[in-house]
1. Here are the criteria: (1) out of contact with any His (no Cβ under 8 Å at 6 or more places or on another chain); (2) under 30 Å from B:Ser58 (Cα atoms). Tell me which single one B:Leu125 does not satisfy.
2. Is there a residue in the stretch B:19-37 that is touching a His at 6+ places or on another chain (Cβ under 9 Å), farther than 14 Å from B:Leu64 by Cα, within 14 Å of chain A (Cβ to nearest Cβ) and not in a helix (DSSP H, G or I)?
3. Of the residues that make up the stretch A:369-391, is at least one of a type in the set (Gly, Ala, Ser), at pLDDT 95 or above and on the phi > 0 side of the Ramachandran plot?
4. Give me a count of the residues in the stretch B:126-150 that are assigned to a helix (DSSP H, G or I) and more than 15 Å from B:Arg198 (Cβ to Cβ).
5. For the stretch A:384-489, list the helices (runs of 4 or more DSSP H) that sit wholly inside it and hold at least 3 residues that are over 23 Å from A:Cys518 (Cα atoms); which are they?
6. Going by the conditions given, is A:Lys610 closer than 27 Å to A:Ser428 by Cα and either of a type in the set (A, V, I, L, M, F, W, C) or more than 14 Å from every other protein chain (Cβ to nearest Cβ) (or both)?
7. Please specify each residue of the stretch A:110-119 satisfying the condition of being surrounded by fewer than 17 Cβ atoms within 10 Å (Cβ to Cβ), closer than 15 Å to A:Thr460 by Cα and more than 7 Å from every other protein chain (Cβ to nearest Cβ).
8. Here are some conditions: (1) more than 9 Å from the ligand (Cβ to nearest atom); (2) surrounded by fewer than 22 Cβ atoms within 10 Å (Cβ to Cβ); (3) not in a strand (DSSP E or B). A:Asp107 meets all but one. Which one does it not meet?
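The values are calculated or read from the model by the stated rules, or taken from the named source; none is laboratory data. All figures in this text were calculated on a predicted structure; none of them were measured in a lab. Using ideal geometry, Cβ is built from the backbone for each residue, glycine included, and neighbour counts are taken over all protein chains shown.
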Amino acid sequence: MSGNAITRRGFLAGTAGVIGAAGLAGYMSFDAWERAYADDSDTHGTVSTVHSTCNGCSNKCGFTAYVVDGKLRKLIGDERHPMAKGKLCARGYAYAEIAYSKDRLTDPLKKNDKGQFEAISWEQALSEIGAKVQQIVSSDGPGALAMVQDPRPSGSYYAKRFMSALGSPNVYTHGAACYESRESGIKQVIGANSWTSDVANAQMTIFIGRSYADGLRPSALMAMEKAHEAGSHIVLVDPRFTNSQKFADEWVPITPGTDLALVLALCQVVTTEDLYDADYVAANSVGFDEFRESIAQYTPRWAAEKTGIDETTIKRLAHQMAQAAPACSIESGWRGPSGCQYKNSGELARAVACFNALLGVYNQKGGALLYPSVSAGKLDEGKFPSPPKPQAAQVGSDEFPLAVDGSALAAVKAASEGSVKGFFFYNSNMVGGYSNPSYLAQVVSGCDLSVCVDVQMSETAAACQYVLPDTSYLERSELPAFAGGAVPSVSMRTQVIDVVHPNTKPVDEIFTELAQACGVGQYFDFTMDELAAAQLASVGVDVDAARQMGTVYFNDKAFSYGSTPNWKTPTGKIQFASDACKKAGYEAVPSWIEPDVMPMGNELRLIEAKQPIHSHTMTANNETLMGITKKYDLTRAWINRSFAENLGIADGDTIEVSNEKYTGKIGVHVTDRIVPGALYLPSAYGVTVEDQHTAYGVGLRPADFLAFKLEPGYGSAMAHEVCVTVKKVNA
Amino acid sequence: MDAEKKALVFEVARASFAPAERDAWIALAAFSTWSGYLDACSSIARDECAVLSDLLASGELDALRHPLDYEAVRSFAARHFTGGLPQSVVPVESLYRTNPSQVPAYGGPSARYMGDLASSMGLELPARFASTPDHLAVEAGMAALLYRSDANLADSFVSERFTWLADFRLALVALDDDERMFFCALVDVIVALVECIRSGRHEAVSTNNLERK
Ligand code: SF4
């Protein structure tokens, strides 16, 4: 019988051509149905609730989904989830629309001779990709394959296992365009990738280029609000007056690219004035003498010239912090100046970690907390055999040895030189913004094999030869998501609605089938449910109970204040001086490095940052969120009032932003809330794939102005090392 | 109108917009079957659908004279009846009929209605359409079934259901693809038929009202 035929339930094909009297009695017109049900959908039908997790950004906030007759009706943030604490952000609600989006990919796609995508069967896609992978492995070895994935619970596990099974160590995240320098720099100092500032209990917290109200995490913003109400002194160092200012006491405008100078000077004040915790430093660190000697040169006066912050303010901030210690910290930052934006991002991260060490704030109430975490234990090797550890070194590890997660952009560089021949992408839009998009597209499309797994056509998918359609996060269950925290926890993403498009598959199935097609299926001879159950059992949690509760806490592993962290550095101590950094071409102690570019004359440094309603371009195609963008004209570039007046530019004008890479037009917001010398563009816009009907052509994409160049030693994108000029359109 | 002929018109639409199945398509495109379809169109036009008659006379439906071969139908569907591409025209009602304040998305009221309708009539939808029961193939299949079971209900269903095809046709005709006119013509037949049924029903209601007076 045809797979397209409508049948009478329980009857054979031969009787399918006619509906019997009982069936006809069930007929209702649309009009009658609408009157009976359409406006009443919450009160008729079967209601079920499911705990799951959001995919609107990497916080993965927990929620309870209310489903009526199979259709998602309502989401409520889970009180018990450590990131959500009962609240979701606007993205969390709106992003759920992706499941039913008009622009969903519904079938595997392959580019034809004309470069246009055509739907193909899964069998064809898998067998062709499998054959190509085997060809690359036999001609160039598994090290010629690379994978970039934006970490999600199942994706991280399956993508890595798939690549390991093939023998390739080249698995990367979006880190090079986000957190790579920060985590790598911090690791050099304290042996951990990050800390959590105990903002809610602090007397004082300094944020450098990090805005909790823009790069949103509900629980973090709540902590900031609580601190503000309790009288904690909150300082925002930023070239822009951000949305977090509502919860802060002070905005310290800074020349972008010079945050390192400020922190070096803060270190200088507390060391030269003996305001640091000498006992703590003596007990916990190495390299302090060398650090103290070097830091002496970075006086507040010197830093004032670099940063545009007056000397008195720098000294006052250092004094206030020393006074508040140990109930204070410089927050670790996110995708800010220490994350990936400057040539000195890694050094900034090191300097910040050193400053906190000087004040002895690690694991102190109100300080910088190194939270415990829990991860899955060892699993039964018979059922879940581990693939052999890949032999080759990760591509990029020689040139960027400090990068803790490796640099996806180093793999791009290798592909441009011909040593990486096949690229896989999972839930990653590398081409759309990790660096210059047209350059990245050119490299990816020039590879022998390029495969993208996603839910909608991204710039990355558009550059690939094959696109495999993923189910949305609401249509699949995933592996447990372990999270560190004051009390470590594990949360579950559980399927909320039925699969909307039957020819899409969840990520675990896609990688399992890819592995089978590539001849390494023996490492995937289990289901995701079996693996989830085994992972949870290894830490004493029952999978059904976990899915039922949404989040389970490991109370026996709870954090307590006052403990001395286990410094996981090569020396077992806080490292004010690092041999690895020296080997990578840096000074052993954090030192001043000039930004790669400095605006001259009428040039402006292009800076970009998140808005609270978007997760970069990932949410740009969402009609509801884009509706907010349009209503409040949020695509506008910001420039400083005095600079604008000199060029005859008024608020609301259209300007042309230009450099040697790109020229584009955009409305302008003329404001005192940005320092002179900088032009701000939000990071969510400028999507260039027509397939995203809502996002296409709206606003400018900052990465288009960027040249492909990488931070020495760390391999990050240096996203703010770019200058532009502006002029009024029709002036 | 002859209900069986209308059933055939919708049966052909169902087969053309559903994922193409080689054997079924070859059987449908065989001379005898296809000429049966063309005869059905002519006969409906001649007997009671002036709009369709005009269309046939104008030559606008000439693309239907020779059915596309299986490969052409398959490849057209592969380029256009798949989601997420600039040249996607997925034939699902929810994507075309929305009120201006609504975002076109899968699973709209038409999908919920079609799902409820099928289940209240004890009909089982093909698994591939479980979440898109307002796919043109399903709606056309439902119309064909109804015409073979109760022509009045079928007319009611058809006159309510297929008005979205006008927007769908606009999307189809805008495609950069030589084969689009075949699919446009299939849609044109239904649109014409719906128009005739709607005006016929309108006349019937008016006459009824007069008689009552
Ligand atoms: S912060 Fe917002 S978008 Fe991110 S996971 Fe939480 S609710 Fe979702």
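1. Here B:Leu125 meets the rest and fails (2).
2. No.
3. no
4. 14
5. A:408-416, A:437-445
6. For A:Lys610, the condition - closer than 27 Å to A:Ser428 by Cα and either of a type in the set (A, V, I, L, M, F, W, C) or more than 14 Å from every other protein chain (Cβ to nearest Cβ) (or both) - is met.
7. Of everything in the stretch A:110-119, just one residue is surrounded by fewer than 17 Cβ atoms within 10 Å (Cβ to Cβ), closer than 15 Å to A:Thr460 by Cα and more than 7 Å from every other protein chain (Cβ to nearest Cβ), namely A:Gly115.
8. Condition (2) is where A:Asp107 drops out.
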